[in-house]
Structures are given as C-alpha cells and as structure tokens.
Amino acid sequence: MANHETIFDELKKQIPVDEEESLILNRDSSVGLVIVDVVNGFCTIGSGNMVWFNFSKKIVTLAPTKHNEQISKMVEESAKLAREFCDRKWPVLAFIDSHHPDIPEIPYPPHCIIGTEEAELVPALKWLESENCATLRRKDCIDGFVGSMEKDGSNVFVDWVKEKQIKVIVVVGICTDICVFDFVATALSARNHGVLSPLEDVVVYSRGCATFDLPLHVAKAIKGAQAHPQELMHHVGLYMAKGRGAKVVSKISFET
C-alpha cells in the first residue's frame, strides 16, 4: 500500500498548483497587503480556547498545542511582509477574527471571542496597531469581504481599495482553505463585476499562508468533525484560489 507521502505526491501531480516563482514589487506597483486572521486564537501555542465541538465530550483547541512549522512560517512571512510594506508606506489591511459569545459561527466551535487574547493579533504583528499605514478590521465571519460590510451599506475593504487606488493585493494568513480562500474568491468575483476598481490582480503568497491540522483518528472521536490534514488542505486551498483566478506565488521580492 502506498504511504501517506506517496499519496500526497500523486495528488499534487493530479491537481498541481503551478505556482509562479516570484512576484517583484516596485514603487509603482500600487499594491496593498491583506493579512487574514493572524491572531492568537489560531496561531499562538496554547492560546486557543478549550471548546466543545458539536456537543461532543471531546475537547479541542483551534490554536496549535505545540510547534507547528507551517503556521510558524506563515506568521514569520506575514510579519516580514507587513514590516516591508509599512517601511515603504504602502497600505496594509489586517482582518482580525472577533466573535460575540452569543452568536455562533456554525459549524465551528466558539473561538476568538471579543475581548479575549484569542481575538488579538499575534505578538509578531501587534505593532501594526500603531502604524499609520495599517487598517485593522475586526470581523465576525469567515469571509473578510462580508465582514467588511457596514450597516450603512458601505464596505471597509472596498473603500480601502478605492481610496488607496490599489491595483494588486497580496494576501497572506490563515486558514488557506477557509478564511483566506473565501475572501480571495469573493474579492475576485467583486473585481470581475466592477465593484473593486481599480483592482486588477489578487495574489496569494503560499509561504505566507497556513491552515490547521485535524488528523483522521482525532476527527473520528469528535461528533460532527471532519478530518483536516494540514498539508493536503493547504494545497487544496491554493489550488482552489488559483482556479478562481488568483495568482499564487512562492516568493516575493522588492525592487529598491
């Protein structure tokens, strides 16, 4: 029987992402950085709320319980990009997952509750709160585009793109196949329908994205849970984003 690595390698051959090697940004790029949910509740070891999952007696946490290389690398790359953008005075928009305790986000267990450390940027990005180039948007749903809607019908993300005259957005964050993908897919659809002028391209930086890991044997013990192998679902998220029209890159460099 083929082992896990062989199966995954074969899957990548059947549904390749075909990442573009590098995105080169210069001072005329008209680019903005979108950071999706790089918060303690998803990224910081031990910070995830201990929660019930679908009435099961199995307790799980949405944040890693030990070092996770994919998530650590995502945080590192997101912080590095954010610093480069801010040093260049380029616009940054950071979505922060923040939920009211009495409004569930089905099918997910309670997480990133407003007022807790879970719903705060990770330490490596906390400095963004005092940066003039950064716009922080708390959202209570998966899709940052939907979470940007105001009661008056305006949209913080749409206004940000138009005000800053952004032609390219670079997207990083967590989870590759959930919040990142949903936002990317909606942004692309909005662009295609002329809602996001002057936006032209949505770029997903693969090394700046990550997702969580829920092995099959753990998922089987949790009522209603689905297995979520990290490497596979990260790949699937990138594949789906590319299929919707996003550019997926594995390297970003800056011209001086």
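Every read-out reported here was derived from the displayed coordinates using simple, explicitly stated rules and does not represent laboratory data. As the structure is a prediction and not an experimental result, all values here were calculated from the model. Note that we place each Cβ from the backbone using ideal geometry, even for glycine, and neighbour counts take in every protein chain shown.
In the set (1) 71, 38, 35; (2) 52, 45, 33; (3) 60, 36, 30, the label that goes with Cα extents along the principal axes in Å computed for this structure is (2). Placing pseudo-labels 7 Å out from each Cα toward the beta carbon at THR6 and THR256 gives an inter-label distance of 5.0 nm. Beyond a 32 Å Cα-Cα separation, which of these cross-linked pairs lie in this structure: LYS80/LYS164; LYS80/LYS167; LYS66/LYS89; LYS73/LYS151? Over 32 Å apart, Cα to Cα: LYS66/LYS89; LYS73/LYS151.
Report the local net charge at HIS111: Lys and Arg +1, Asp and Glu -1, summed over other residues whose C-beta lies under 9 Å from its C-beta. That sum, taken over residues with Cβ under 9 Å, equals -3. You can think of it this way: the chain between GLU117 and HIS193 has 23.6 nm of extra reach, that is 0.36 nm per residue less the Cα-Cα gap. The label-point distance for ARG27 and LYS126, in a model that sets each label 7 Å from Cα toward Cβ, rounds to 3.5 nm. Seen against the Cα atoms of the chain and their longest principal axis, helix 4-14 is set at about 40 degrees. Which whole-number percentage describes the relative contact order of the stretch 122-190, with Cα contacts under 8 Å and a sequence gap of 6 or more? 29 percent.
Helical content alone sets the calculated 222 nm signal of the chain at -9000 deg cm²/dmol, taking -39,500 (n - 2.57) per DSSP H segment of four or more residues and averaging over every residue. Beta bridges per DSSP, both residues in the chain: antiparallel share near 15 percent. For the chain, the longest principal axis of the C-alpha atoms and the axis of helix 181-192 are separated by about 30°. Bridge orientation summary for the stretch 92-241: considering DSSP beta bridges with both residues in this region, about 20 percent are antiparallel. Summing charges over all other residues whose Cβ lies under 10 Å from the Cβ of MET233, with Lys and Arg as +1 and Asp and Glu as -1, gives -3.
Note down the relative contact order for the chain as a percent, whole number, built from C-alpha pairs under 8 angstrom at least six residues apart. Averaging sequence separation for qualifying contacts and normalising by length gives 27 percent for the chain.
Summing +1 for each Lys or Arg and -1 for each Asp or Glu, what net charge is found among the other residues whose Cβ lies under 10 Å from the Cβ of VAL249?
Summing Lys/Arg as +1 and Asp/Glu as -1 gives 0.
For the chain, the longest principal axis of the Cα atoms and the long axis of helix 69-87 meet at an angle of about 20 degrees. Let me know the shape class of the stretch 124-204, please: from the alpha-carbon gyration tensor, a ≥ b ≥ c as square roots of the eigenvalues, rounded when a/c is under 1.5, otherwise prolate if a/b is greater than b/c, or oblate. Note, shape of the stretch 124-204 comes out rounded.
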